[in-house]
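Here's the structure, in structure tokens; my notes come after.
The values are calculated or read from the model by the stated rules, or taken from the named source; none is laboratory data. Note that the coordinates shown come from a computational prediction; the quantities given were computed from them, not determined experimentally. Glycine gets a Cβ as well: all are built from the backbone with ideal geometry, and neighbour counts include every protein chain shown. Note: accessible area is taken over every heavy atom of the protein model, side chains too, but ligands, DNA and RNA are not part of it. Shrake-Rupley method; radii C 1.70, N 1.55, O 1.52, S 1.80 Å.
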Amino acid sequence: MSTATSTVSAQRSRTHRIAVTAMLSAVATVLMFLEFPIPFLIPSFVEMDFSELPALLAAFSMGPVSGVIVCLVKNVIKGLLFSGTGGVGEMCNFLLGVCFVIPAGLIYHYRKTRSGALIGALVGAVVMAVCSVPVNYFISYPVYTVFLPLDVIIGMYEEVIQSIGNLFHASWHVNGLLSCLVIFNAPFTLLKGLLDMGLCFLIYKPLSPLLHK
């Protein structure tokens with residue numbers, strides 16, 4: 001009787017995990033389409049979205065594997081429905097999402113406290129920001145240069161940095177693509193991770209019954 005009860009409980013738990021992961025994947029897909037530019041911080045072709053938020057919720061509530069699945073599903077769906085880069089942009093988004101949710105989920109798994117979640121999300125955001133430089137340099141931007149010449153792309157970064165420099169009465173310049181990614185994309189990616197973390201802390205407790213039961 002005890003074995004049968006344990007089997008039923010395990011099946012229910014597995015079914016719940018699948019259902020919640022699917023739900024969070026659907027939400028992440030919708031959020032991925034609701035991206036928007038922040039032209040005063042970064043060129044307009046780099047857009048902000050909060051689609052890693054459901055993946056972070058999944059990583060905290062069900063483990064990093066569920067977070068990775070959410071990242072995968074949302075990018076596969078967007079890549080199949082609408083991709084302006086032949087799936088390369090979605091692949092890079094998936095890689096950076098994995099860099100975010102795996103450290104966050106693993107740290108929280110071994111330290112299931114609010115401070116553990118905070119440390120995990122911070123580490124994940126930093127790892128994602130650092131990894132954004134090589135991912136963009138070696139994967140994303142070689143594809144972007146098919147559509148826009150590299151000097152045009154760098155010129156778009158120059159426009160942003162000059163507008164910021166005007167606010168401080170300073171003259172700043174970028175020196176090639178790598179410096180653009182370090183100066184702009186890495187901090188932008190870090191900001192994205194921190195915003196996802198903040199939103200996660202705001203809504204995790206109210207959603208906890210749904211995520212865990």
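For the chain, the longest principal axis of the Cα atoms and the long axis of helix 186-212 meet at an angle of about 20 degrees.
Accessible area of the chain with a 1.4 Å probe: how many percent of it is carbon plus sulfur? Before the final figure, lay out each step's value.
Values: 8030 of 11200 Å².
Exposed carbon and sulfur together represent 72 percent of the surface.
Taking 0.36 nm per residue of separation and subtracting the current Cα-Cα distance, fully stretching the chain between His173 and Ile139 would add 9.8 nm. Remark on Met48: its backbone amide H falls under 5 Å from those of Phe36, Ile38, a criterion applied only to residues 5 or more positions apart or on other chains, H modelled at 1.01 Å from N.
Between Phe201 and His16, the simple spin-label model (points 7 angstrom out along Cα→Cβ) gives 2.7 nm. Per q in 0.08 Å⁻¹, report the Debye log10 I(q)/I(0) for the chain, using one uniform scatterer on each alpha carbon and no solvent. Taking Cα atoms of the chain as identical point scatterers yields -0.32.
Taking a spot 7 Å from the Cα of Leu194 along the direction of its beta carbon, which residues of the range 126-141 have an amide N less than 19 Å from it? Label zone hits: 126-133. Seen against the Cα atoms of the chain and their longest principal axis, helix 114-135 is set at about 40 degrees. With no solvent and one equal point scatterer per Cα, compute the Debye intensity ratio I(q)/I(0) for the range 55-164 at 0.14, 0.15, 0.19 Å⁻¹ and report its log10, rounded to two decimals. Debye intensities relative to I(0), on a log10 scale: -0.66, -0.73, -0.94. The aspartates and glutamates within cross-link reach of Lys74, meaning a Cα-to-Cα straight distance under 15 Å and a gap of 8 or more places when in the same chain, are Glu35, Asp49, Glu52, Glu90.
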